[in-house]
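Structure first, then comments.
The numbers here are math on the coordinates, done by the rules we state, and not lab data. Predicted model, so just to flag it, every value in this text is computed and none were measured. In this analysis, Cβ positions are derived from the backbone assuming ideal geometry, glycine residues included, and neighbour counts consider all displayed protein chains.
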């Protein structure tokens, strides 16, 4: 049931529908920029899944709330972040903390997390899922109202098996037997005491900086998908969906079905992508979805071997330039979605001491066990292979965490999924041109407004961080980490608490 | 005539300051550092960046004061974000007894010509409304401030084309006036200045080991946190009075701790370490929250220690927990057994100098230490009496301490 409720944005009242995120409600009301960068540029949501922190605002008086992770509520106040006043009227009160005891703590409630939770709970373990979003499903099954068909059986199974869910919490610190979590809404800290941890934090989009990518209205490809599923109307809108990978087609399909006019811009060449034909032929379960996808995209303008070179606009993206084999094209747009594939989200794993490989993936054995006793990892953070793979890996992790041995058929399936994931990756190699789009004056670190020219001469990550402040902001480097400029820097970063920047642990109670 | 050539090992704030001092006399300077660039390791990278004329013995006070003078008048050009910013230090007394100690501190400061101003509890709140309302009072030292040390180290080295840097290399051996790298390269110079912080005695090999029998150098770990932008609710560097006491309580050689009435600051000699409130505003509109001290190399962030630090900060700035924290980290200060830096020639060697062991005051004292090293090496008259810091001081009563310079009265 959707009701009309009243929220207050920077003092002005706004009527919005319930059951949607604050980001979505603001965008529907035409507010795409919610904050200003250190140099004063307007900024709005980029990833719409809690990674970029660009959508943060002061919500109900709490600083640093990621508005994409919080649903609107009656009477909610949303304010642009202002400097904290030097006077402190009232008393600082630390929120009451609680301890939750559970056998298995599952971090993330996407396919891997849900499957892991179901498997462990059905084998008699008490299970608690910790997830940043308001509801279960993760990025791929993000929804508004009722979950998508694929997700429903898992959510139902988890419910029947008695899985507890801590929705709206980030894991910010801890050790394998005790996780510290913080509410994304008000900063309340709790402890989760557990005997094993299954990390199912998935992946986030890879963003490659280009001129204009910081303009409000430029979002990730997956972000657009989430926003539309979350209720953002796109009917009649001109949208460019660009970047690389099969996600672009899925996003385009969704946008077209909602009435948008979509142009798809894929950087990979037709030749590269045709390499997918053989793995596809070997994978009958993917024939039908592939055909449906293809049919639904009839009439969509599509460019391959093409990429976005610049976005322009005042306060909001209005125009996009794309480089095609036929030359530069300039399109008038209402929005731009760009995503260059996925990169693993492995900060929690790193914080818990798990081994991370050079591409950022968590190293696991055949049983999804990391090198840290009692810590398992399943899904995209171990390798990008899609939701079917994540489900099966989740089952393996859940079964193993319950002290059982997974069947060899299940393990064989996981191996096959990996093969498919690698094939997709190979069919979409990033071309050099898209890695070098940012000019010296373009921002590469959005949190701290570090420009490409500033770190051009840097050798090490340490230098880029300490001298130029790259990665020193709220997102902790999550957004720029995927860019080639950062990959070229020497050294690695240690993950220290907080593993995710959370709202403060205390609030000011005004004197009564 | 060949241009004299000097070698500096360590491109932290102290080594970099030494390099600049020697280069500005027209000398050629080669800087060697194991890190990826200047100021990216050790205390320079991990420290808060405060420039504080600290209460302590008169010699330390003078070195701090000269350091501060030079930061104010002679810092290398830097962006506004990184340059010296005079926040002033506000030493805060929690209770009347500590306030009395601050009066003593003020007299000491006065004796070396440092201006300070006593502040009562009520004025304190006017000056810094975010402070707790029940604090007894404080002492304001106006010209103290903050510098961004990694950039400062870098700019010290950029200041002269006569400085050549070799980064990412490790030292195999240091001889008298000679440095041999593990990659086989050998550098020779008029003198070598070794400024590698905690590792300084190890890196000096035999000569270092001999010195280590007389004066030990050990790491003191500290925990720090930084808040998000937009949270600079303080204008001053806030330090609780008694910080010094807390600071030295982890040392076996420390001044004894007479007072027992202070609760959370003193855990004398314990392995669990001590914490004291030190909050430094930064030009990026953030607050750096500290600090802790415990013996040992910097380890991973210990959540309990971090919590103790922030709890202690909360005692003085009650709203501190309402500010989002972006990062936490640890670092180590290099402390000497007698609490004074080692600044001068290595006993037994003629052309090898040492500049280390500043224990948390390295950034404050770096320009003064570098000036002193230059003055002694070049045989100029010294601005400050160099003997309190001479590495040969433990040999005071035997012949090893021969005044090679008769320049200083």
Taking the Cα centre of each part, how many Å lie between region A:122-178 and region A:451-474?
-> 37 Å
DSSP bridge orientation in region A:4-87 - percent antiparallel, rounded to nearest 5 | 90 percent
Burial ordering of A:404, A:144, fewest other beta-carbon atoms within 10 Å first = A:404, A:144
What is the Cα centroid distance between region A:53-118 and region A:312-369, reported in whole angstrom?
-> 24 Å
Taking B:395, A:169 and counting other C-beta atoms within 10 Å, the order from fewest to most = B:395, A:169
Counting only Cα, what are the radius of gyration and maximum Cα-Cα distance Dmax of the protein assembly as shown, in Å?
-> 29.9, 94
So how tilted is helix B:303-316 from the main axis of chain B? Cα-based, degrees 0 to 90, rounded to 10.
-> 60 degrees
Please give the FRET efficiency for residue A:6 paired with residue A:432, using the beta carbon to beta carbon distance and R0 = 35 Å, rounded to the nearest 0.05.
-> 0.10
Based on the mean of other Cβ atoms within 10 Å per residue, sort peptides B:277-283, A:36-42 so the most packed one is first.
-> B:277-283, A:36-42
Peptide B:312-324 - average C-beta neighbours from other chains (10 Å radius) = 6
Once the mean 1/r over all distinct Cα pairs of region A:439-487 is inverted, what Kirkwood radius in angstroms do you read off?
-> 10.3 Å
So, by mean Cβ neighbours within 10 angstrom, what's the order for B:220-227, A:211-218, A:229-236 with the highest one leading?
-> B:220-227, A:211-218, A:229-236
Is there a simple number for the mean count of other chain Cβ atoms within 10 Å of the Cβ of residues in A:494-503, and what is it?
-> 4
May I ask for the angle, rounded to the nearest 10°, between helix B:362-377 and the longest principal axis of chain B, with both axes built from Cα atoms and the value confined to 0 to 90°?
-> 30 degrees
How would you rank A:128-135, B:375-382, A:279-286, highest first, on the average number of other Cβ atoms within 10 Å across their residues?
-> A:128-135, B:375-382, A:279-286
Nearest-0.05 FRET efficiency for residue B:178 and residue B:134 at R0 = 51 Å, using Cβ-Cβ distance, is 0.30
At 7 Å along the Cα-to-beta-carbon direction for both residue B:100 and residue A:298, put a label point, then send me their distance in nm to one decimal.
-> 9.4 nm
Distance in nm between pseudo-label sites at residue A:282 and residue A:98 (7 Å out along the Cβ direction from Cα) = 4.9 nm
As a percent rounded to 5, the proportion of antiparallel DSSP bridges among beta bridges in the protein assembly as shown is 60 percent
Final fewest-first order of B:89, B:98, B:182 on the 10 Å Cβ neighbour count is B:182, B:98, B:89
Considering only DSSP beta bridges with both partners in chain A, what is the antiparallel share in %, to the nearest 5?
-> 55 percent
Helix B:149-158 versus the longest principal axis of chain B: what is the Cα-based angle in degrees, 0 to 90, to the nearest 10?
-> 30 degrees
Return the calculated 222 nm mean residue ellipticity for the protein assembly as shown, to the nearest 500 deg cm²/dmol, obtained by summing -39500 (n - 2.57) across DSSP H runs with n ≥ 4 and dividing by the residue count.
-> -7500 deg cm²/dmol
Quick calc: nm separation of the 7 Å Cα→Cβ label points for residue A:143 and residue A:193 -> 3.6 nm
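Using a Förster radius of 25 Å, what is the FRET efficiency between residue A:440 and residue B:81 based on their Cβ-Cβ separation? Nearest 0.05, please.
After rounding, the FRET efficiency stands at 0.85.
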When the Cα centres of region B:42-60 and region A:222-283 are compared, how far apart do they sit, in Å?
-> 57 Å
Take chain B, drop everything but the C-alpha atoms, weight them equally and run the Debye formula without solvent; then report log10 I(q)/I(0) at 0.10, 0.11, 0.12, 0.13 Å⁻¹ to two decimals.
-> -0.64, -0.77, -0.92, -1.08
